[in-house]
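Below you will find the structure I want to go over with you.
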Amino acid sequence: MTSHDVIVIGAGSVGLPTAFFLAQEGVRVLVVDELPSPGQGQNKSAIGGVRATHSDPAKIQTCQLSLGVFSEWKDRYGDDIHFRQGGYCFPVYEREHETSLKDLLATQKEHGLKIDWLDAADLIGVLPGVNPDGLRGGTYSPEDGNVSPILAAKAFYDRAVEQGAEFKFEEKVISIKKESGSAKRVKTDRGSYTAEKVVNAAGAGAREVGRMMGVDLPVVPDSHEAGVTEPVEPFFMPMVVDIRGLPGSTNFYFYQEATGHLIFCLTPEPPIPGLNRDSTSDFLPQASRRLIKLFPRLRNIRVRRVWRGLYPMTPDGVPIVGTLRDSDGFYIAVGFCGQGLMLGPGVALNLVSLITTGQPIIPGGIFESFSLYRDYSRPSEALK
Amino acid sequence: MGRITEHPILEVGPKAGIPFHFNGKRMLAKPGEVISSALFANGITIFGHHPRDGSAQGMFCANGQCSQCLVIADGVPVKGCMVPVQGGMKVTACEGTPALPKADTAPAGFEPIRTIETDVLIIGGGPAGITAALELAPHGLEIVIVDDKHRLGGKLVLQTHSFFGTVEDCFAGTRGIDIATNLAREMEKYPNIRVMLNTTAVACYHDRKIGVVNQKEYALVSPRCLLIAAGAREKALAFPGCDLPGVYGAGAFQTLVNRDLVRPSEKLLVIGGGNVGLIAAYHAVQAGIAVVGVVEALPEVGGYKVHQDKIKRLGVPVWTSHTVKCAGGGDGVETVTVVGVDESFTPIAGTEKTFDADTLLVAVGLNPVNELYDQANRFGMEVYSAGDASEIAEASAAIFSGRIAGRRMVRSLGKSAEIPGEWQRRWEVLKSKPGATYPLKTQATGSGLFPVIRCVQEIPCDPCVHICPKDMIKIEGDPVLGLPQVVKDECTGCRLCVAVCPGLAITLVDLRGEGPDGLVVVPFELMDSVVGVGDTVDAVDMDGNFITGAEVIKVAEAKPYDRTLLITLKVAREKAAEVAGLRVQDASISEPSGAETCACLDDEIVICRCERVKAEDIREAIRGGVRDLNQLKTLRCGMGACGGKTCEALILGLYRDEDVDLCDVIGFAKRPLVSEVTLGLLAGERPGGETG
């Protein structure tokens, strides 16, 4: 008899909802994390955007599931996780971006996304104060939104504990071994546990845990910096994504929480690989210039704090979720490329379905996009 | 409430003539005055209301550390305590979440963010930072000093009293404010010291650069060597009503009173009997503010006995084994209730006393401002700390620790500098806590003209020994910590010892005359308008007990100690040696007024002031098993402007109350910025729109 049915490695954006949905199914689940409390890895570094606006169908459908979980959470479970359906908006100043975004609309609509191209005047209506000089318009998807990462993590954690999930914090997994029959033994620096099934949801540490499972996962973390301002009276709703490439950064994005704080982040170019999470002196001037160029009135808002979080990247910008070919009972949910928060609940629902029924929720053909064994040289996700 | 129009020690300065508006009402500020002080001077103590619960917000740290004094200046939210009033400025209260100005022009361009390369960056131009710079400068090293205030000197500029310590090492016997001026002047000799005032160090980055910002520019400094001499911040105290405007730090009070010459209160009470609390009470009396008393939870005050004696003589009671139970009031403090405590600091029911007061000064200790030190250290920078940023002690010790740090940096930069072996010991002496107290010894009396020295506690101080032209005063035992004694009977009556003693603990007795009366000369640091020749005053002993009525015979300046008055009293001969000072504050000020008015329960105490998080919510989380303070961010603790600088210690106090071993508790993750900066400055925009 194993100590648990399923051991989830990682109490973050993916591991926490997985634990909750498993526990809700009556599965005896144990979550192990090397950090002291839930969501202390990359979850708390996330800025909070939740969108289904992707180009990869599996990501679109998975995030639609996530949006459902987040948007219904308060009514179902009572916790206010600060979900707000503020939409996503991609303002466009360059012809080439207008073309590429418009090209994606067909696929996106085909999967049921509510998204449209707005001309410049309509876009200014959605983003009052956006710089009108050269604005061509942009896409707007009103059903996307944002959520508080730490409140969501706490909610998943609290409800998982309520449903009987066990958690071990400050325990680092040091080995995973197959035992007799289908049992697996997960050893940590402080204990040893057994289960039939093991889920690798280890975020930036996924590759290391993968090796313990006997597989080399193509997940390489790089880092993005982010910042938060003082609160000011809310004046726009959507997450704004500016996909122009500028020296030092590619796209950059920000939104205003319901409390009025502005949260912003940019994608450094070239990428900064590695596990370092200390803030650099380059980020604030770069991000500030982009923010003011796009929204001149933001020059008067004051930055309160900055941080750096890790993006566990895959070669094609699509996460790796599913089972291992030659090792029954091993599951992976890794390589979220900085989108663990928005993909987390949807991936968790698929995983739990895989674990309990052998089938994902979204159609198997589409789910294949997440397979570890896919062709990584295919066209990559357009809206990373 | 208003401005201080006369002060015994400080220059009152220029008249307020800069017009500005608050909520549409025209007011006047002094040139260069920060908004919060200008508002206090005009009777405004409520700066807005918090968006979360509508609670009144006012002054708290007066030091740019918190965000309680947020106001809207010309449309932009700013910390009132850090931004000077500009002529014609339109200031409004910050009611709820402020709105950004709507219309704005697109940026013309951005200036590059400068990186200033230097040998040494010193953060903090107080006593430690300046003395370090003075050790470094003669070696030809390039030094940058940043200080967030408008003048050098740090907290020295708030100290109207004469300093303790040693004459040789740290200017003992000179007033703090004069030491600041002297040190700043000394620095002007060196062109290789670059001083950046009104400039705050806001971040230490992984790439070993320090972000600094002033009203015009955000820049990076890349030093070979870094000194953190940023001083201390005041500890907060949690009690019902602790978040009312009018409850603030003693240091914040000194800033208002002694830097900005604002009278922020009519009547106040001090909690904390360390030197900061005792001196704050003294400074209040100097500023003409009534002081109900000083409350100290321990059975003895922690500050120097001479400081305590000084205020007791003036008529301010010190209540040991007492604490503050609560502060009551609507939009600000109206009453303060104190209560006696037993040996385990448990309040004793039935001992409550409530006083009318508009202000409660909190002086329960200081914490080093060391977050930049910790980060720089982690990023592998060559970093040092000195003064309070290193270890909380007197400014005299900070002066000396800056010297030591300076020389260490000289050496680390490849130049030779000797650090004398005895320096360490002298520094230990200067920072030593007050030692044993001894009974007052009888003094030499033969000739009928003699000083009486009421210095009975071992503290680091020696000016009286150096000043006596007849070498009559010697220190027994340790040359600095020991007690001074009169060893000869050759007094000429020069009165220099009376004038120089920082503790105002020496009087001069003259019994040479005939008749039943003798004379006694006592030092006095209040306005000369308080006491006039011919007045009858209450003469008191060392501890402030009434001795006799006394006639004022003479009021003289104690040249060269120009701002100490020497008052000659005529008293009965047999009482002359007992008289130590005179009382100025009426006993009725310290009489209880009525019933307590605070309706707030212990669970409703606001712990995180920035985000208005109450004790009960934090307790519930603690009882629910939360041991990582970062989890408390789900309640928004530590997410506010101050980043947990104020509430972290209070939260740890709640853990202790719940019997949690603090070894099991993980502190807040500390990240840049330590103070907020606008996107415009960070982007390289220049205020006024001149961008290239």
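Applying the selection to segment B:129-172, what residues are assigned to a loop (DSSP other than H, G, I, E, B) and polar (S, T, N, Q)? Steps first, please.
We begin by selecting, within segment B:129-172, every residue assigned to a loop (DSSP other than H, G, I, E, B); these are B:140-142, B:147-153, B:159-161, B:163-164, B:166, B:171-172.
Result: B:159, B:160, B:166.
Could you list, in sequence order, all residues of segment A:317-336 that are under 18 Å from residue A:378 (Cβ atoms) and either out of contact with any strand residue (DSSP E or B) (no Cβ under 6 Å at 6 or more places or on another chain) or part of a strand (DSSP E or B) (or both)? Walk me through how you get there before you give the answer.
The first filter runs over segment A:317-336 and keeps only residues under 18 Å from residue A:378 (Cβ atoms), leaving A:317-322, A:335.
Of everything in segment A:317-336, those that are under 18 Å from residue A:378 (Cβ atoms) and either out of contact with any strand residue (DSSP E or B) (no Cβ under 6 Å at 6 or more places or on another chain) or part of a strand (DSSP E or B) (or both) turn out to be A:317, A:318, A:319, A:320, A:321, A:322.
Still on this model: Give the number of residues within segment B:81-124 that are at the interface with another protein chain (Cβ under 8 Å from one of its Cβ atoms) and within 20 Å of residue B:25 (Cβ to Cβ).
The total comes to 1.
Sort out which residues of segment A:28-41 are out of contact with any Lys or Arg (no Cβ under 9 Å at 6 or more places or on another chain) and touching a residue at least 40 places away in the same chain (Cβ under 8 Å), and write them in order of number.
Those that are out of contact with any Lys or Arg (no Cβ under 9 Å at 6 or more places or on another chain) and touching a residue at least 40 places away in the same chain (Cβ under 8 Å): A:28, A:29, A:35, A:41.
Looking at segment A:25-46, which of its residues are away from chain B (no Cβ under 14 Å) and of a type in the set (A, V, I, L, M, F, W, C)?
Correct list: A:27, A:29, A:30, A:31, A:32.
Among the residues of segment A:268-285, what is the count of those that are under 23 Å from residue B:643 (Cβ atoms) and surrounded by fewer than 23 Cβ atoms within 10 Å (Cβ to Cβ)?
Narrowing segment A:268-285 to residues under 23 Å from residue B:643 (Cβ atoms): A:276-285.
Going one step further and asking which of them are surrounded by fewer than 23 Cβ atoms within 10 Å (Cβ to Cβ), we end up with A:276-278, A:280-282, A:285.
Qualifying residue count for the region: 7.
Restricting to segment A:198-219, name every residue that is surrounded by fewer than 24 Cβ atoms within 10 Å (Cβ to Cβ) and either in contact with a helix residue (DSSP H, G or I) (Cβ under 9 Å, 6 or more places away or on another chain) or within 14 Å of chain B (Cβ to nearest Cβ) (or both).
A:216, A:217, A:218
Condition first: part of a helix (DSSP H, G or I) and either facing another protein chain (nearest Cβ under 9 Å) or free of Cβ contacts under 8 Å to residues at least 24 places away in the same chain (or both). Now tell me which residues in segment B:618-634 satisfy that. Break it down into steps so the answer makes sense when it comes.
Within segment B:618-634, the subset part of a helix (DSSP H, G or I) is B:618-623, B:629-634.
Scanning segment B:618-634 gives B:620, B:621, B:630, B:631, B:632, B:633, B:634.
Residue check, residue A:202 against (1) among the aliphatic types (A, V, I, L, M); (2) more than 30 Å from residue A:376 (Cα to Cα); (3) touching a residue at least 40 places away in the same chain (Cβ under 8 Å), all met but one. Which one?
(2)
Let me ask something else about it. Being within 19 Å of the chain's Cα centre (by Cα), among the polar types (S, T, N, Q) and farther than 23 Å from residue B:84 by Cβ is the filter here; which residues of segment B:161-208 pass it?
Within segment B:161-208, B:162, B:174 qualify.
Kindly indicate which of A:113, A:104 is within 30 Å of residue A:24 (Cα to Cα), at pLDDT below 95, outside the structural domain of residue A:159 (by TED's automatic domain parsing) and of a type outside the set (Asp, Glu).
Testing whether each residue is within 30 Å of residue A:24 (Cα to Cα), at pLDDT below 95, outside the structural domain of residue A:159 (by TED's automatic domain parsing) and of a type outside the set (Asp, Glu) leaves just A:113.
Of the numbered conditions (1) modelled with pLDDT of 95 or more; (2) away from every other protein chain (no Cβ under 14 Å), residue B:11 satisfies every one except a single condition; which is it?
(1)
Scan segment B:135-150 and tell me whether some residue there is among the basic types (Lys, Arg), more than 14 Å from every other protein chain (Cβ to nearest Cβ) and under 24 Å from residue B:35 (Cα atoms).
Here is the first cut: in segment B:135-150, the ones among the basic types (Lys, Arg) are B:149.
So of that shortlist, the ones also more than 14 Å from every other protein chain (Cβ to nearest Cβ) come out as B:149.
Retained after the next criterion (residues that are under 24 Å from residue B:35 (Cα atoms)): B:149.
There is at least one residue in segment B:135-150 that is among the basic types (Lys, Arg), more than 14 Å from every other protein chain (Cβ to nearest Cβ) and under 24 Å from residue B:35 (Cα atoms).
Within segment A:274-305, track down each residue that is more than 7 Å from chain B (Cβ to nearest Cβ), farther than 21 Å from residue A:41 by Cα and in a loop (DSSP other than H, G, I, E, B).
Those that are more than 7 Å from chain B (Cβ to nearest Cβ), farther than 21 Å from residue A:41 by Cα and in a loop (DSSP other than H, G, I, E, B): A:282, A:295.
Another one. Given the conditions (1) crowded, with 21+ Cβ neighbours inside 10 Å; (2) outside the structural domain of residue B:251 (by TED's automatic domain parsing); (3) aliphatic (A, V, I, L, M), and given that residue B:357 satisfies all but one, which numbered condition is not satisfied?
(2)
Further question on the same structure: Taking residue B:679, is it facing another protein chain (nearest Cβ under 10 Å) and among the aliphatic types (A, V, I, L, M)?
yes
Find the strands (runs of 3 or more DSSP E) located wholly in segment A:44-154 whose residues include 2 or more that are small (Gly, Ala, Ser) and touching a strand residue (DSSP E or B) at 6+ places or on another chain (Cβ under 7 Å), and list them.
Answer list for segment A:44-154: A:137-141.
Let me ask something else. Inspect all residues belonging to segment A:347-355 and state whether any of them is under 21 Å from the mean Cα position of the chain (by Cα), more than 14 Å from chain B (Cβ to nearest Cβ) and without any contact (Cβ under 8 Å) to a residue 24 or more places away in the chain.
Taking every residue of segment A:347-355 in turn, at least one turns out to be under 21 Å from the mean Cα position of the chain (by Cα), more than 14 Å from chain B (Cβ to nearest Cβ) and without any contact (Cβ under 8 Å) to a residue 24 or more places away in the chain.
What pairs come up if the first residue lies in segment B:403-429 and is exposed (fewer than 14 other Cβ atoms within 10 Å of the Cβ), the second is polar (S, T, N, Q) and in a helix (DSSP H, G or I), and their beta carbons are under 6 Å apart, counting only those six or more places apart or on different chains?
none
Pull out all pairs, ordered by first then second residue, where Cβ-Cβ is under 7 Å, the residues are six or more apart or on different chains, the first lies in segment A:291-310 and is free of Cβ contacts under 8 Å to residues at least 60 places away in the same chain, and the second is polar (S, T, N, Q).
Cβ pairs passing all conditions: A:299/B:678; A:300/B:678.
Which one of B:380, B:387 is assigned by TED's automatic domain parsing to the domain that holds residue B:156 and surrounded by fewer than 20 Cβ atoms within 10 Å (Cβ to Cβ)?
Criteria check complete, one pass: B:380.
For segment B:643-660, give me the residue count where each residue is more than 10 Å from every other protein chain (Cβ to nearest Cβ), closer than 25 Å to residue A:305 by Cα and not aliphatic (A, V, I, L, M).
Of the residues in that region, 5 qualify.
Does segment B:247-259 include one or more residues that are polar (S, T, N, Q), within 25 Å of the chain's Cα centre (by Cα) and part of a loop (DSSP other than H, G, I, E, B)?
First, pick out the residues of segment B:247-259 that are polar (S, T, N, Q): B:254-255, B:258.
Within this subset, residues satisfying the condition of being within 25 Å of the chain's Cα centre (by Cα) are B:254-255, B:258.
The next check asks that each one be part of a loop (DSSP other than H, G, I, E, B); those that pass are none.
Within segment B:247-259 (the criterion being polar (S, T, N, Q), within 25 Å of the chain's Cα centre (by Cα) and part of a loop (DSSP other than H, G, I, E, B)), the answer is no, since none of the residues qualifies.
Okay, moving on. Is one or more of the residues making up segment B:220-230 touching a Cys at 6+ places or on another chain (Cβ under 9 Å), closer than 17 Å to residue B:63 by Cα, buried (at least 24 other Cβ atoms within 10 Å of the Cβ) and more than 14 Å from chain A (Cβ to nearest Cβ)?
no
Then there's this: Got a sec? Which of B:550, B:587, B:580, B:539 is in contact (Cβ under 8 Å) with a residue 60 or more places away in the chain, surrounded by 17 or more Cβ atoms within 10 Å (Cβ to Cβ) and within 30 Å of residue B:508 (Cβ to Cβ)?
Only one candidate passes the filter, namely B:580.
Here's another thing I want to ask about it. Might you let me know whether segment B:42-51 holds any residue that is assigned to a strand (DSSP E or B) and surrounded by 19 or more Cβ atoms within 10 Å (Cβ to Cβ)? So that I can check it myself, show each step before the final result.
Taking segment B:42-51 first, the residues assigned to a strand (DSSP E or B) are B:48-49.
Still in the running and surrounded by 19 or more Cβ atoms within 10 Å (Cβ to Cβ): B:48.
Within segment B:42-51, one or more residues are assigned to a strand (DSSP E or B) and surrounded by 19 or more Cβ atoms within 10 Å (Cβ to Cβ).
Checking residue B:372 against (1) buried (at least 24 other Cβ atoms within 10 Å of the Cβ); (2) away from chain A (no Cβ under 14 Å); (3) not basic (Lys, Arg), which single condition isn't satisfied?
Result: residue B:372 passes all but (2).
What number of residues within segment B:12-41 are assigned to a strand (DSSP E or B), within 18 Å of residue B:254 (Cβ to Cβ) and of a type in the set (Gly, Ala, Ser)?
0
The values are calculated or read from the model by the stated rules, or taken from the named source; none is laboratory data. Every value quoted in this text rests on a predicted model; they were computed, and no experiment measured them. Using ideal geometry, Cβ is built from the backbone for each residue, glycine included, and neighbour counts are taken over all protein chains shown.
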